[in-house]
Amino acid sequence: MSFTEVASGVFVHQGRYELQSPENKGDMANASFVIGSDAVAVIDTLGSAKVGRELRSAIKAVTDKPIRYVINSHMHPDHVFGNAAFKEDNPQFVGHHKLARGLSARASQYLAANKEMLGPEAFDGCEIILPTVSVQDRLSLDLGGRTLLLEAQKTAHTDNDLIVTDSATDTVFLADLLFSGAIPTLDGSIRGWLALIEQLEQRKAARVIPGHGPHAMQLPEAMHDEQRYWSVVAADVRKLIKEGKTIQDATKSAGFSERGKWELFDQYHVRNVTAAFAELEWE
């Protein structure tokens, strides 16, 4: 497993633009780790215990400092199913205060779906691990010589998104609040996400790390494609609602001008339109 050191002590692995499969073992998202003078924090653990063990081995090859924290940016399996690989380190598992509820509610669904997609060999060892530390608003984690600031967000990509900032290098981990190249996926609120994007475009940072995309990007440019996509979807859906069209009509036309601009468009776009319609029809 390869990592790029994007800033001093900050390492990022870039996942593939793919659906989970036996071949990729759930390695489809970005995962990171930050090394302090005393300890290490892992930010997201990928999509299976098997690839999580590869992630852990890669960290151990870089540093012998203890893994004190495993931070889950949100509840989706491609970011949390590698947690099991870190149990032997006895870390604190850290997440949004709504993460435990979200994971518990979907546990059986997530386990069954990922077992089918990954296959029994790649899925072996996967389990739901709930957070031991929850972030209500803001929480600081001390790694020794550097502090990570965790900020719980309002509903956007999901209802349990975290933003993590490394104080030492001004690196901001946006996780799946930022997709680049691979199409964003909506499991929260399109209105909330668009509002958050406006805030993030005003934010100052040395670099931002997406949940899917390059190892590092720059604000505000990093948000532009995602903002355009959600703005097009929202405008098209609102127009169809105003015209009295149905959700079925929307899934055949809304946002299709974005096709060809995103990886995995055909796999996720209709689902995004369906979620957006269900939200916006009640405005």
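Brief remarks on what is shown
- Candidates Pro77, Tyr17, Val232 compared by Cα position along the dipole of the chain: farthest toward the positive end lies Val232, with charges placed on Cβ.
- Taking Cα centre as origin and charging only the Cβ of basic (Lys, Arg, +1) and acidic (Asp, Glu, -1) residues, the dipole magnitude of region 103-209 rounds to 280 debye.
- With the charge dipole of the chain set up from +1 on Lys and Arg Cβ and -1 on Asp and Glu Cβ about the Cα centre, the Cα lying farthest toward the positive end among the listed residues Gly188, Leu174, Ala112 is that of Gly188.
- Partner aspartates and glutamates for Lys60 [C-alpha distance under 12 Å; skip if fewer than 8 residues away on the same chain]: Asp89
- Note on Glu201 and Glu243: their simple-model spin labels are 2.6 nm apart, each label 7 Å out from Cα toward Cβ.
- Average accessible surface area per residue within the chain, 1.4 Å rolling probe, Å²: 42
- Dimensions (Å) - region 42-94, Cα atoms, principal axes, largest first: 29, 20, 16
- For the chain, the pair-distance distribution built from all alpha carbon pairs, in bins 5 Å wide starting at 0, is 1, 6, 13, 17, 19, 17, 13, 8, 4, 2, 1, 0, 0 percent.
- In the context of the full protein assembly, Glu23 retains an accessible surface of approximately 140 Å², using a probe radius of 1.4 Å and ignoring ligands and nucleic acids.
- Taken over region 72-204, lysine pairs spaced eight or more positions apart, or on distinct chains, with alpha carbons under 22 Å apart number 4.
- Normalised contact order of the chain, rounded percent, pairs of Cα under 8 Å and 6 or more residues apart: 15
- Sorting the Cα pairs of region 18-60 by distance into bins of 10 Å, from 0 upward, gives 28, 50, 18, 4 percent per bin.
- Angle between the chain longest axis and helix 99-123 axis [Cα atoms, degrees, rounded to 10]: 80
- Note that region 223-281 carries a Kirkwood radius of 11.3 Å, evaluated over its alpha carbons pair by pair.
- Given charges at beta-carbon only (K, R positive; D, E negative), |dipole| of the chain in Debye: 220
- Annotation note: trypsin sites (Lys or Arg not before Pro) in region 228-283 located in DSSP loop regions with a Cβ neighbour count of at most 13 within 10 Å are Arg259, Lys261.
- Tail fraction, Cα-Cα pairs, region 168-283, threshold 19 Å, whole percent: 45
- For region 58-212, the direction-averaged projected area of the alpha-carbon convex hull comes to 9.9 nm².
- The chain - share of DSSP beta bridges that are antiparallel (%, nearest 5): 60
- Its Cα gyration tensor gives region 1-94 an equivalent ellipsoid; the semi-axes, largest first and in whole Å, are 20, 14, 11.
- Taking the protein heavy atoms of the chain in the context of the full set of protein chains, the accessible area attributed to carbon and sulfur is 47 percent at 1.4 Å.
- Residues His269, His76, sorted by accessible area with the largest first, give His76, His269 [1.4 Å probe; ligands and nucleic acids excluded].
- Three-way shape call for region 86-162 based on the alpha-carbon gyration tensor, with the a/c threshold at 1.5: oblate
The values are calculated or read from the model by the stated rules, or taken from the named source; none is laboratory data. Everything numeric in this text was worked out from a predicted model, so none of it was measured. With ideal geometry, Cβ positions are generated from the backbone for all residues, glycine too; neighbour counts draw on all protein chains shown. Quick note on the areas: whole protein, heavy atoms, side chains included, nothing else; ligands and nucleic acids left out. Shrake-Rupley method; radii C 1.70, N 1.55, O 1.52, S 1.80 Å.
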